[in-house]
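Have a look at the structure below before the remarks.
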Amino acid sequence: MPDFKVSRLLDTDTVAVSDVLCPGDCRHRSAEECASATHLVFPYRGLYLRHVGGDQSVADANHVLFFNAWEGYQVSHPVVGGDACLSLLVSPSLLHEIAPAGWLHKRDEPGFRMQSLRIDPRAQALVALLRHSLRNDGIEPLEAESLALTLTCRSLGARTAHATGATHARRRLVDRVKVLLASDLGRRWSLAAVAAEIGGSAVYLTQAFQQVEGVPMYRYHLRLRLARALDLVVRCDDVSALALDLGFSSHSHFAAAFKQAYGRTPSAFRRSALAKGA
């Protein structure tokens, strides 16, 4: 079994929230596992691959993954460093109410028909705010429940989530690109460099990525970098150094990108995450 470290941050009749850390020591597929209840899992650091039968999903900070009750899966870690995720267990009745019609299997214990969805930047910010606030004892249970349900609704919203209809071959190709981008968040990638690493033409990779993920490759990479900042900025003493580590040209460049994505500056987000009763 993987060497997980699980910290339960919230546990009510409505929702349970856990912080899950995995060292990701093995790059090969794990033994098959399954969850006893359906979880929404939001990676916020690192990357892993989740395999269900012959299908796979890239688990990174741009996605929510659905771990369905009693559905077997395996995990592999193509990028060193392990991963960290925020896991939500929402009551079955509320999940049936929130999820769009046709997204769930028709059975008492809810289970999703897809493995994952891409989430938008505001959902990423909700993941970070919920985790930081609970970790720092800065939020009351009622507010935490509301925030968790808001995150669930936004992640499953028709206008804020993205599911792909691309072919299996294109999705696997784009998966390789996503693994490459996550392997070095601070690198200023060029299309030529990505194409050289992956193989194939820059034009084809650009088109395939846009079809699969619904956003350009550069924006996808930017969102991964900003999501890493959401994880680190609350306990960071030198934001300028953080900006440079994540590949931004300056503190002002980083702050502008952060505010455009999340609607507030890094310092304002930090204050909100650390404030009692925020």
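What to note about this one:
- Within region 142-160, being assigned to a helix (DSSP H, G or I), over 15 Å from residue 90 (Cβ atoms) and in contact (Cβ under 8 Å) with a residue 24 or more places away in the chain holds for one residue alone: 143.
- Residue that is modelled with the lowest pLDDT, among those in region 146-176 that are crowded, with 16+ Cβ neighbours inside 10 Å and in contact with a strand residue (DSSP E or B) (Cβ under 6 Å, 6 or more places away or on another chain): 161
- One residue from 13, 25, 19, 108 being closer than 26 Å to residue 183 by Cβ, among the acidic types (Asp, Glu) and outside any strand (DSSP E or B): 25
- When the test is whether a residue is in contact (Cβ under 8 Å) with a residue 40 or more places away in the chain, among the small types (Gly, Ala, Ser) and in a loop (DSSP other than H, G, I, E, B), residue 200 does not pass it.
- Within region 113-135, being surrounded by 14 or more Cβ atoms within 10 Å (Cβ to Cβ) and more than 17 Å from the chain's Cα centre (by Cα) holds for 133, 134, 135.
- Considered as a group, the residues in region 28-45 that are in a strand (DSSP E or B) and either β-branched (Val, Ile, Thr) or at pLDDT 95 or above (or both) include one that is nearest to residue 71 (Cα to Cα), and that residue is 39.
- Test: residue in region 86-93 that is within 20 Å of residue 235 (Cα to Cα) and in a strand (DSSP E or B): yes
- Failed criterion for residue 195 (all others in (1) in a helix (DSSP H, G or I); (2) modelled with pLDDT under 95; (3) over 22 Å from residue 85 (Cβ atoms) hold): (2)
- Residue match in region 177-193 (condition: crowded, with 18+ Cβ neighbours inside 10 Å, of a type in the set (Lys, Arg) and within 30 Å of residue 97 (Cα to Cα)): no
- Breaking point among (1) surrounded by fewer than 17 Cβ atoms within 10 Å (Cβ to Cβ); (2) at pLDDT 90 or above, for residue 108: (2)
- Condition met for residue 147 (under 16 Å from the mean Cα position of the chain (by Cα) and under 29 Å from residue 87 (Cβ atoms)): no
- Number of residues in region 163-197 that are without any contact (Cβ under 8 Å) to a residue 12 or more places away in the chain and of a type in the set (Asp, Glu) equals 1.
- Where residue 51 falls short, out of the listed (1) of a type outside the set (Asp, Glu); (2) surrounded by fewer than 22 Cβ atoms within 10 Å (Cβ to Cβ); (3) out of contact with any Phe, Trp or Tyr (no Cβ under 9 Å at 6 or more places or on another chain); (4) part of a strand (DSSP E or B): (3)
- Within the option set 75, 80, 41, being surrounded by fewer than 22 Cβ atoms within 10 Å (Cβ to Cβ), touching a His at 6+ places or on another chain (Cβ under 8 Å) and of a type in the set (A, V, I, L, M, F, W, C) holds for one residue only, 75.
- Count - residues of region 161-188 that are in a loop (DSSP other than H, G, I, E, B) and closer than 18 Å to residue 47 by Cα: 4
- Residue 92 fulfils the conditions (1) surrounded by fewer than 20 Cβ atoms within 10 Å (Cβ to Cβ); (2) under 16 Å from the mean Cα position of the chain (by Cα) except for a single criterion, (2).
The values are calculated or read from the model by the stated rules, or taken from the named source; none is laboratory data. From a predicted model like this one, the values you see are computed outputs, not experimental measurements. Quick reminder, even Gly has a Cβ in these numbers, built from the backbone with ideal geometry, and neighbours come from all protein chains shown.
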